[in-house]
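**Q** I am attaching a structure below and will ask some questions about it afterwards.
The values are calculated or read from the model by the stated rules, or taken from the named source; none is laboratory data. Values in this document were obtained by computation on a predicted structure and should not be read as measured data. Note: ideal-geometry Cβ built from the backbone for every residue, glycine included; neighbour counts use all protein chains shown.
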Amino acid sequence: MIDLRSDTVTRPTPAMRRAIAESLVGDDVYQEDPTINQLESEGAALLGKEAALFTPTCTMANQLALRASTRPGDAIIVESGSHIANYESGAPAMLSGLTLIRVPGDRGILDPAAALAAAARPDDVHFAPSALIAVENTANLGGGALYPADTLSAIADGAAAMGLWSHCDGARLWNAASATGRSEAALVDGYASVSVCLSKGLGAPAGALLAGPRDFIKTARRFRKMLGGGMRQAGILAAGGLYALSHHRARLADDHARAARLAEALTAQGWDVQTPETNMVYITLDAPAALVAGAQAQGVRFSAVGRDRVRLVTHLNISDADITETIAILGALR
């Protein structure tokens, strides 16, 4: 089965498995796991932040960022289609008591003027005060879209001028760095905090990082423990992330090239395809469920997204031959 549902379905490579098997571990709640300590140190340096915290998932990393930078009753500004708004199970309200101000963007990209206008809440007891603006780079529901550099800067600078926290949900920030040629640190320069996923494009079996100021990370560490994220000898998981940082970032360009090739071929077949900027190919059509079922019967899995789109995601375990076969199968189903 060719599995294009997500870049979360990857399996560790043999070399990554060896790194995991040979990892040095300790009790991370006591901050004595050497592999986690190394991952946090290297991750913070890559992201240009003072400190980092290892978490089981990027959802937890996002939620720790919100909890550690806001107060219950605050409002946060997010793009309407963002992961925080749609795919984190209502956690901002449940865990942090936050109101979401949803601002529609273009392909998941917030317009700075619209985001900052939404954040300018009246100084009135009837309104939840704004505390944070979040961006998602790349934007999943936008088709893996990339934030322009000037847009990122305008939002971060505007948030700072208003005294607001700025957070980047960088679950696929590695893809953004690969596609733009800019470093991860440059992409989040000016953002107070950033989360990055190690199990999506990088292919680790689990794990994420939250990075930001040292005192903020100290607070987030306490909330991580509160939420059950203190995992003791979790260097076994962190070793996969460490290996991925060193060996799997450069190869993301291969995923992007395969997505571009797939999109070009499907467009030539007559499908309504959004031109991919990274590793996601979105097709708009009338009956997505029927196409998903028909393709799976032929050996290709991908997901329906909403009422009129399907998503195909290239990743570590997808080869050139898999793309060729997928093109042939979807051509036959056309």
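**Q** Among the residues of segment 158-217, write down those that are β-branched (V, I, T) and farther than 21 Å from D74 by Cα.
**A** T180, V188, V196
**Q** Go through segment 64-83 and count every residue that is under 13 Å from L100 (Cβ atoms) and buried (at least 24 other Cβ atoms within 10 Å of the Cβ).
**A** Qualifying residue count, segment 64-83: 6.
**Q** Does A204 satisfy being touching a Gly at 6+ places or on another chain (Cβ under 7 Å), crowded, with 24+ Cβ neighbours inside 10 Å and at pLDDT 95 or above?
**A** yes
**Q** Within segment 293-318, work out how many residues are within 24 Å of the chain's Cα centre (by Cα) and free of Cβ contacts under 8 Å to residues at least 24 places away in the same chain.
**A** The qualifying residues number 3.
**Q** Something else now. Can you pull out every residue in segment 63-90 that is within 16 Å of the chain's Cα centre (by Cα) and over 15 Å from W165 (Cα atoms)?
**A** E79, S80, G81, S82, H83, I84, A85, N86, Y87, E88, S89, listed by residue number.
**Q** Also, quick follow-up: So, of the residues in segment 260-274 that are out of contact with any Phe, Trp or Tyr (no Cβ under 8 Å at 6 or more places or on another chain) and touching a residue at least 60 places away in the same chain (Cβ under 8 Å), which turns out to be surrounded by the fewest Cβ atoms within 10 Å (Cβ to Cβ)?
**A** That would be G270.
**Q** So, of the residues in segment 95-146 that are in contact with a Ser or Thr (Cβ under 7 Å, 6 or more places away or on another chain) and assigned to a helix (DSSP H, G or I), which turns out to be nearest to C58 (Cα to Cα)?
**A** S96
**Q** Assess whether T275 counts as being of a type in the set (S, T, N, Q), over 15 Å from the mean Cα position of the chain (by Cα) and not assigned by TED's automatic domain parsing to the domain that holds D308.
**A** Answer is no for this residue.
**Q** Another question, if that's okay. Given the condition of a type in the set (A, V, I, L, M) and closer than 20 Å to F216 by Cα, answer yes or no: does some residue in segment 167-179 qualify?
**A** Within segment 167-179, one or more residues are of a type in the set (A, V, I, L, M) and closer than 20 Å to F216 by Cα.
**Q** Same structure again: Among what's in segment 289-329 and is in contact with a Leu (Cβ under 6 Å, 6 or more places away or on another chain) and part of a helix (DSSP H, G or I), pick the residue that is nearest to G144 (Cα to Cα).
**A** I323
**Q** Give the residues of segment 185-198 that are buried (at least 24 other Cβ atoms within 10 Å of the Cβ) and touching a residue at least 60 places away in the same chain (Cβ under 8 Å), sorted by residue number.
**A** Correct list: V188, S193, V194, S195, V196, C197.
**Q** Does P92 satisfy the criteria of being farther than 21 Å from D150 by Cα, in contact with a Leu (Cβ under 9 Å, 6 or more places away or on another chain), at pLDDT 95 or above and part of a loop (DSSP other than H, G, I, E, B)?
**A** No, not satisfied.
**Q** Sticking with this one: Tell me whether segment 122-138 contains one or more residues that are out of contact with any strand residue (DSSP E or B) (no Cβ under 7 Å at 6 or more places or on another chain), buried (at least 19 other Cβ atoms within 10 Å of the Cβ) and on the phi < 0 side of the Ramachandran plot.
**A** There is no residue in segment 122-138 that is out of contact with any strand residue (DSSP E or B) (no Cβ under 7 Å at 6 or more places or on another chain), buried (at least 19 other Cβ atoms within 10 Å of the Cβ) and on the phi < 0 side of the Ramachandran plot.
**Q** Still on this model: Of all residues being in a helix (DSSP H, G or I) and within 20 Å of R67 (Cα to Cα) in segment 147-164, which is farthest from the chain's Cα centre (by Cα)? Just the residue, please.
**A** Restricting to residues being in a helix (DSSP H, G or I) and within 20 Å of R67 (Cα to Cα), the top hit is A160.
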